[in-house]
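Working notes for the structure below.
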Amino acid sequence: MDIQPLDFEKPIFDLERRLQDLKTHSDKHDVDLDSAVAAIEAKLRDTRRQVYGNLTAWQRVQIARHTQRPFALDYIERCFTDWSELHGDRRFADDRAMPCGLAMFDGQRCVVITHQKGRNTKENVMRNFGCAHPEGYRKALRVMWLGEKFRMPIISLIDTPGAYPGIGSEERHISEAIAVNLREMIRLRAPIIAAVIGEGGSGGALGIGVADRVLILENAYYSVISPEACSAILWRDRRHAAEAAEALKLTAQDLLKLEVVDEIVPEPEGGAHRDYDTATKNLGSALRRNLAQISKIPIDELLKQRYEKFRRFGSFTGDKAATASARS
Amino acid sequence: MPIFKKPTIKAESGRKREIPRGLFQKCPGCAEVVPEIELVQNQRVCPRCDYHFAQPAKERLQNLLDPETFVEMDADLKSVDVLRFQGMVTYKDRLKKYRESTGLLDAVISGYGILDGYKVAIAVMDFGFLAATMGSVVGERITRTIEYGTAERCAVIIVAASGGARMYEGMLSLMQMAKTSGALARHAEARLPYISVLTNPTTAGVMASFGSLGDVIIAEPRSMIGFAGPRVIKETTHQDLPQRFQTAEFLEEHGLIDMIVHRKKMREQISRLLSYFVVTP
């Protein structure tokens, strides 16, 4: 599969092409261009380090949205076995933007809830660009309850631009679907791990994001509002998305500092789409380690910790003593 | 010389909030010009067409609670510019501006008081402060209100109005949705009532958390209530929006809220509900 370069990857792409041309030329005409090849290879290494070592927030957002990036079902195929998808919210429809089901992970039964985007027009029509309707969130909750009932941990793979802003979404109460998930996930009696694998778009992401451990891939983002929408509100113009992305502190690195996420899962150089196997291996081992940790904690203790984890969020000045007493 | 002359009086530009008493407001419902003083006396409901104007949180508390019973809690909590937000305007400047124009520290007033004899924990959002967006302080004060209600075993009442999560505090704002909903989970487990009152407008992050989780959900007439903004929906779907889309009446028709209650009947209606839920008033 040819990987489509992003705008900022152009210098790397150009060098790669020149290198390829040189090699072909050298083979075809039997000329020794080894020194030239070596020089370009060195330059390529430097350029890669330069570009990928200094990614801006906006560049990471672009990587997170890359259409060739591994999506939830790619991870399910590679990290899990015996995937058994469960369809429908038993009320209205099956939301194809949120595949949910049962799978084996490392010999352990678990519940997997996801967002799934499409790679081409046809897939995107089916997956609605990973933007779920209320049915998706309601299906996810129904399936999570199976995890509680049959004592299976829950793994949530988040990758959505946001919940779908549409007429049907509002008519069937997307707000309530998300709100109920927030309330129920806080008290769900099963270990929960959430991983933001691509886009963590606001309430639509949080709607399956209340968990004991929240992981994020190195180039994924998680934000209260999309950089474009933030730009439209603050600058009255969508063209300031790059500045908005910076201001929103939405990268994995920023979120770790804010303690919104617990761990960053490393990606192969240039992004997960460049090496599915490494990306899968890294996510798999992070899930394995965290699952082992939280599975050991007695469920009542785990629920207490989960509540506290989300209760602590916030930054303000004022009477802290009252907080402490209110929490006890 | 003409007998009639256009008056040369110009509307003074500036902050809406600073309109001194005795001036007039144009009703968005019927276009009638209503004296401010008459509006305040009428709980900011248009005397001609019943349009519900935005009501400052302080006035609302006075109208809902028994006189002199409100005790404010956590009044000193102040937002911090934790992200050092850089944009067209800085968060610090915005906060300063709204603190001056509203006299509030943030977009909610919370505490406890007596409503028609019932003790209640109550939080009222004030749309005049940065569109009552929910950042850390709003989330914290609402959570503490709920926790107070749970600890004191009394009902929780939240009067919502909000443009959603406050983007100036980034993901910490989004997390307030989980925090407030978590507190409501515990309140519900303690079998204590929570009444959610939605006013114009209540949207996005607040609707997708505590706004939608009431045992009973009440809306004021003609309030705009929804998840996504109508403009975003129109741009995304390229569809014409149905009539009265995202109004309280639309939500009632679709079975999403329990009732629509006129502001002047709100206190009485909440009291009646509490009489069912609170065993010993």
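The values are calculated or read from the model by the stated rules, or taken from the named source; none is laboratory data. Computed from a predicted model, the values in this text were never measured in an experiment. Using ideal geometry, Cβ is built from the backbone for each residue, glycine included, and neighbour counts are taken over all protein chains shown.
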Inset, instruction - Answer yes if at least one residue in region B:173-186 is away from chain A (no Cβ under 14 Å) and either closer than 23 Å to A:S175 by Cα or assigned to a strand (DSSP E or B) (or both), and no otherwise. - result: no
Inset, instruction - Please report, ordered by residue number, the helices (runs of 4 or more DSSP H) entirely within region A:1-104 with at least 2 residues that are surrounded by 13 or more Cβ atoms within 10 Å (Cβ to Cβ) and modelled with pLDDT under 95. - result: A:10-29, A:34-53
Legend entry - Residues being assigned to a helix (DSSP H, G or I) and among the aliphatic types (A, V, I, L, M) - total across region A:225-275: 14
Inset, instruction - Select from region B:87-124 the residues that are modelled with pLDDT of 95 or more, in contact with an Asp or Glu (Cβ under 7 Å, 6 or more places away or on another chain) and among the hydroxyl-bearing types (S, T, Y) and list them in ascending order. - result: B:S110
Legend entry - Qualifying helices (runs of 4 or more DSSP H) (wholly inside region B:29-116; at least 1 residues being within 14 Å of chain A (Cβ to nearest Cβ) and in contact with a strand residue (DSSP E or B) (Cβ under 7 Å, 6 or more places away or on another chain)): B:91-102
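To keep it simple, each residue is scored yes or no on (1) facing another protein chain (nearest Cβ under 7 Å); (2) modelled with pLDDT under 95; (3) out of contact with any Gly (no Cβ under 9 Å at 6 or more places or on another chain); (4) within 24 Å of B:R141 (Cβ to Cβ).
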{"residue": "A:L303", "(1), (2), (3), (4)": "no, no, yes, no"}
{"residue": "A:R306", "(1), (2), (3), (4)": "no, no, no, yes"}
{"residue": "A:K309", "(1), (2), (3), (4)": "no, no, yes, yes"}
{"residue": "A:A324", "(1), (2), (3), (4)": "no, yes, yes, yes"}
Legend entry - Single condition A:L33 does not satisfy, out of (1) within 30 Å of A:Y221 (Cβ to Cβ); (2) in contact with a Ser or Thr (Cβ under 7 Å, 6 or more places away or on another chain): (1)
Legend entry - Which listed residue is buried (at least 18 other Cβ atoms within 10 Å of the Cβ) and at negative phi, from B:V40, B:V89, B:V45, B:V33: B:V45
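Right, A:Y222: assigned to a helix (DSSP H, G or I) and either among the acidic types (D, E) or modelled with pLDDT of 95 or more (or both) or not?
Here the answer is no, as A:Y222 does not meet what is asked.
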Inset, instruction - Would you mind stating whether B:T247 is surrounded by fewer than 21 Cβ atoms within 10 Å (Cβ to Cβ) and more than 10 Å from every other protein chain (Cβ to nearest Cβ)? - result: yes
Inset, instruction - Could you list, in sequence order, all residues of region B:149-165 that are without any contact (Cβ under 8 Å) to a residue 60 or more places away in the chain and more than 8 Å from every other protein chain (Cβ to nearest Cβ)? - result: B:G149, B:T150, B:E152, B:R153, B:V156, B:I158, B:A160, B:S162, B:G163, B:G164
Inset, instruction - Look through region B:187-212, keep the residues that are surrounded by fewer than 24 Cβ atoms within 10 Å (Cβ to Cβ) and facing chain A (nearest Cβ under 9 Å), and return whichever of them is nearest to A:A229 (Cα to Cα). - result: B:A188
